[in-house]
Amino acid sequence: MALSGLAIFKLLPKTNCKECGHPTCLAFAMALAQKKVGLDACPHASDEAREQLAAAAAPPMQTVTFGVGDAACTVGGETVLFRHEEKFHRPTALAVTLPDDLDGPALEARCQRIRGFAFERIGQAMPVEAVAVTNPSGDAVRFAAATEAAGATGKAVILVTQDAEAARGALAKVGAAKPLLCGATPETADAMAAAAAEAGCPIVAQAADAETLADLTQTLKTAGCDQIVLHLDAADAWTEMAGLYRIRTLALKQSCQPLGHPVIALATEGNPEAQAVRASSLVCKYAAIVVVDTVEPWALLPILTTRQNIYTDPQKPVQVEPKLHAVGDPGADSPLMFTTNFSLTYYTVQGDVEASRVPSWILCVDTEGTSVLTAYSGDKLSAESVAKAMKDADVESRVSHRKLIIPGYVAVMSGKLQEETGWDVLVGPRESNQIPRYLKEVWKA
Ligand code: SF4
């Protein structure tokens, strides 16, 4: 946990020698607490002070990487309880199960489906990062074969088994791909830790409560495992959510280092709808990895959308490049309209223009990622800024007509914009979903 200025001051020599460039040790301590300077600027700080400050500066939650190359997946390293305090740093990894009791064709079909996942929203790819191989067969050979198939999907691999022999067999197949071994219980810790340490793979500590998990992480560390993920094996969803909140609070607010690890959670029970609801809740609080049992795209999409929303920086709206975008294959006589560079606004408009099947030009105006009304009321969208965007994008060379469709919500700027540009300004619909009707009935008329 970060130290306050006064706590840092107590560790300094208090000689006020000014060699650090500050008039007093207290002034230096305050600057250090605000991360404006480093301790190295004080040549007289004791070794003890350096050690204590280094420990305080260590991140409260470890980052863990499993998978290698393009499949590498890094989770954890979070610093806050609530997104609005700063931001969440590493999006939850989504994993889909691959049970080892599937027969050959069914196993291959599921792998193919997993390989084919390609989701995109507001211009951003939303990948499914991992395959979690489960061991319902209880057979080490089948588990190893399923693990090999999982490795061939190009995703990171999670090995879900309580059987150390099965774990070793699987690690022999894909150990170089650095899978996550899930997991070691207090009963199996020694054997599982030995398998993970030999392969150099991260491991999951699994227990029913935070106290046992804290003890277990210490056991695993002593056994040579330095990359650890937690799995709270709770009796029900409510106990799990409450437990995950408590673990995050203890790790971040009370510097409980044995609990300062990312968490994996399984949302594999129930129908796909139930899994989607539970997984989305776990993305919010506070799973770094979520495993689901469904491969239905419609069930995965809400989980991925939740993740995308939670893991954006609340201080920085997601933005689209401000320029002239082509939708379809527009020509010189195609409609030209503008909207703002707030991603959600732009992609909503783009989707509705696509749905109209009328090839069009969309001029994306830089409003620092704010929506039409917000930008207009905040002086980030004006007749002048639209005219400048038109000039910068050289729209005159792209269309032969001189007509610009503007969002209905800013109809008030039409007169000024007409004066600024000399173009005919057509007031379009207020709601984006009315664009197809507008283009077909008004523009074409
Ligand atoms: Fe204090 Fe160190 Fe700065 Fe001297 S160099 S004033 S001892 S903080």
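The values are calculated or read from the model by the stated rules, or taken from the named source; none is laboratory data. Since the model is a prediction, treat every value here as computed from it, not as a measurement. Reconstructed Cβ throughout: ideal geometry from the backbone, glycine too, with neighbour counts over all protein chains shown.
Checking each residue in region 3-48 for being away from the ligand (no atom under 12 Å from the Cβ), within 38 Å of the chain's Cα centre (by Cα) and loosely packed, with under 14 Cβ neighbours inside 10 Å picks out Ser4, Leu6, Gln34, Lys35, Lys36, Glu48.
Residue-by-condition table, conditions (1) assigned by TED's automatic domain parsing to the domain that holds Ile303; (2) touching a residue at least 12 places away in the same chain (Cβ under 8 Å); (3) surrounded by 20 or more Cβ atoms within 10 Å (Cβ to Cβ); (4) β-branched (Val, Ile, Thr):
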{"position": "Gly224", "(1), (2), (3), (4)": "yes, yes, no, no"}
{"position": "Gln227", "(1), (2), (3), (4)": "yes, yes, yes, no"}
{"position": "Asp236", "(1), (2), (3), (4)": "yes, no, no, no"}
{"position": "Leu244", "(1), (2), (3), (4)": "yes, yes, yes, no"}
{"position": "Gly260", "(1), (2), (3), (4)": "yes, yes, yes, no"}
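Can you confirm whether Glu420 is under 30 Å from the mean Cα position of the chain (by Cα), surrounded by fewer than 22 Cβ atoms within 10 Å (Cβ to Cβ) and in contact (Cβ under 8 Å) with a residue 12 or more places away in the chain? Quick ask: steps written out before the conclusion?
Values: under 30 Å from the mean Cα position of the chain (by Cα): no; surrounded by fewer than 22 Cβ atoms within 10 Å (Cβ to Cβ): yes; in contact (Cβ under 8 Å) with a residue 12 or more places away in the chain: yes.
No; evaluated as a whole, the condition is false for this residue.
Looking only at residues in region 253-285 that are in contact with a strand residue (DSSP E or B) (Cβ under 8 Å, 6 or more places away or on another chain) and of a type in the set (Val, Ile, Thr), which one is farthest from Glu296 (Cα to Cα)? Residue satisfying both the conditions and the ranking: Val263.
Counting only residues that are over 22 Å from Gln124 (Cβ atoms) and among the acidic types (Asp, Glu), region 338-397 holds 5 of them. Screening Ala145 against (1) surrounded by 21 or more Cβ atoms within 10 Å (Cβ to Cβ); (2) over 30 Å from Ser343 (Cβ atoms) leaves a single unmet condition, (1). The residues of region 103-122 that are surrounded by 14 or more Cβ atoms within 10 Å (Cβ to Cβ) and either farther than 27 Å from Ile310 by Cα or in contact with a Cys (Cβ under 7 Å, 6 or more places away or on another chain) (or both), listed by number, are Leu107, Arg110, Cys111. All of Gly428, Gly408, Gly415, Gly378 fail the test of being assigned by TED's automatic domain parsing to the domain that holds Asn341, over 24 Å from Glu321 (Cα atoms) and not charged (D, E, K, R), apart from Gly415.
Enumerate the strands (runs of 3 or more DSSP E) found wholly within region 147-247, keeping only those where 3 or more residues are closer than 20 Å to Leu98 by Cα, aliphatic (A, V, I, L, M) and touching a Ser or Thr at 6+ places or on another chain (Cβ under 8 Å).
Filter on region 147-247 gives 156-160.
The set of residues in region 209-243 being modelled with pLDDT of 95 or more, over 27 Å from the mean Cα position of the chain (by Cα) and among the small types (Gly, Ala, Ser) consists of Ala223, Gly224.
With Phe117, Phe88 as the choices, which residue is over 14 Å from the mean Cα position of the chain (by Cα) and more than 24 Å from Leu171 (Cβ to Cβ)?
Criteria check complete, one pass: Phe117.
Look at (1) in contact (Cβ under 8 Å) with a residue 24 or more places away in the chain; (2) more than 16 Å from the ligand (Cβ to nearest atom) and you find that Pro105 fails only one, number (1). Could you tell me whether any residue of region 258-277 is within 25 Å of Pro202 (Cα to Cα) and assigned to a helix (DSSP H, G or I)? Scanning region 258-277, I find at least one residue that is within 25 Å of Pro202 (Cα to Cα) and assigned to a helix (DSSP H, G or I), so the answer is yes.
Those residues that are under 13 Å from Ala146 (Cβ atoms) and without any contact (Cβ under 8 Å) to a residue 60 or more places away in the chain, I need them from region 157-166; list them, please.
Scanning region 157-166 gives Leu159, Thr161, Ala166.
When you go through (1) more than 16 Å from the ligand (Cβ to nearest atom); (2) buried (at least 16 other Cβ atoms within 10 Å of the Cβ) one by one for Glu51, which number turns out not to apply? Failing condition for Glu51: (2).
Within region 123-139, being surrounded by fewer than 19 Cβ atoms within 10 Å (Cβ to Cβ) and not charged (D, E, K, R) holds for Gly123, Gln124, Ala125, Pro127, Pro136, Ser137, Gly138. When you look at Ala176, is it over 26 Å from Tyr286 (Cα atoms) and touching a residue at least 12 places away in the same chain (Cβ under 8 Å), yes or no? Judged against the criteria, Ala176 is a match.
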